[in-house]
Amino acid sequence: MKRLCCFFNYNPLYRYPIYHAMSKEMDCDFYFGDSVFEPLKQFEPAALKGFKGMLHAVKSRKSVFVWHKGIRKLMRGYSDYLITGQYEYLSNWILILFAKLTGKHIFCWSHGAKAVGLNDFKSRMLNQCFFRSMDGVFMYGSYNIPTMKKIGITEERIHIIHNSLDTDKQAKYFDEAIPSNIYRQHFGNNSPTVIYIGRIQKRKKLDLLIEAIRFVNTPCHRINLVIVGAATNDRSIEEMVSDYGMQDAVWFYGPCYDEALNAELIYNADVCVCPAEVGLTAIHALSYGTPVISNNDFENQMPEFEAIQEGVTGGFYKAGDCESLAEQILSWTSKNSAERQNIRRTAHDGIERAWSVAYQIDVLQKVFPQYVHH
């Protein structure tokens, strides 16, 4: 029996639900690199049906390129390959060469080529050679399709697979969710609450969010802010809140790894704000029916920004503009209860429809029908 060979650079925890679904519903084997050279939560790969091994990643000190030891074991018994879509992995080029020489098919799971990545000749050529070698490209979003076309990738070879979290678990918590008084108890008021969930670090631009909350809060109008996430060595945000005397308006909740608690925190917030690139935070918040605000610098956004339906389940402020962010916050925290309920259902349904494990499996099975369990 032939099987699809999946070789991914790492095994991040959030990807377990989709990989698990693939292992249950498709004939595929999994290999993972053992490092992306930064700390990320990972799942235990041995728990995955079809797991065949870890490949040790080696990176030169002076190079962005990575080699995976043991790549030769992937060259036996497979006719199709699905790999991480990054040209920095030298192992990928070996598999591409092998596939072309032996008449096998190779696909990648990728952000696709970004316009900013084509500014210099070397980067443009690497992107062009890499993606043109693919029989198909599974892309997280549609935004980079025009750039892919510029380097010669036809739309027929592009499959929009999006991204997902633990759809089943989050759907269960959403169905069971009821409004709670978690924010009324902490803040001692019934004012609207903005939530940020993610790491507390400079690149997330939380200083802009603090400025925007300060801008909209007056003696006659108040908005609460809860920040859920681990603080890095940078304490400037807490110092900023203290300097502005905003301690009563800002709750540093800390990191939370209990999804039931995350569900309550997100569900009961009026809007989720991510001032920098939004990433999977958008999927997390929208899964619980909470609208999302992020910036309009789409060229540098993460693909999940496409899950936000502008004016319907969230909005985009002018990147770097505090007043623009404040206007968005005022707009999304001023909805009445009927409007909020409509947003809640629309947001959640949008995730179920196109940013879920079920959606991703459907895309994969349409491209690889020969590996689907019948």
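The values are calculated or read from the model by the stated rules, or taken from the named source; none is laboratory data. Model, not experiment: these values are computed from the prediction. Methodologically, a virtual Cβ is constructed for each residue, glycine included, from the backbone with ideal geometry; neighbour enumeration extends over all protein chains shown. Heavy atoms of the whole protein, side chains included, go into the accessibility calculation; ligands, DNA and RNA do not. Shrake-Rupley method; radii C 1.70, N 1.55, O 1.52, S 1.80 Å.
Details
- Å² per residue, accessible surface of the chain at 1.4 Å: 46
- Pairs of lysines in the stretch 65-160 (C-alpha under 18 Å apart; 8 or more residues apart or interchain): 6
- 11 Å beta-carbon shell around residue 264, net charge (K/R +1, D/E -1): -3
- Extension reserve of the residue 372-residue 342 stretch, reckoned as 0.36 nm per residue once the Cα distance is removed: 7.1 nm
- Solvent-accessible surface ranking, highest first, for 156, 211, 259 at 1.4 angstrom: 156, 211, 259
- One Cα centroid belongs to the stretch 199-234, the other to the stretch 60-84; the line between them spans 42 Å.
- Compared with the direct C-alpha span, the chain from residue 243 to residue 169 gains 22.6 nm at full extension, assuming 0.36 nm per residue.
- In percent, rounded to a whole number, the relative contact order of the stretch 221-374 is 18, using alpha-carbon pairs under 8 Å and six or more apart.
- Measuring nothing but protein heavy atoms, the accessible surface of the stretch 106-192 at 1.4 Å probe radius is 51 percent carbon and sulfur.
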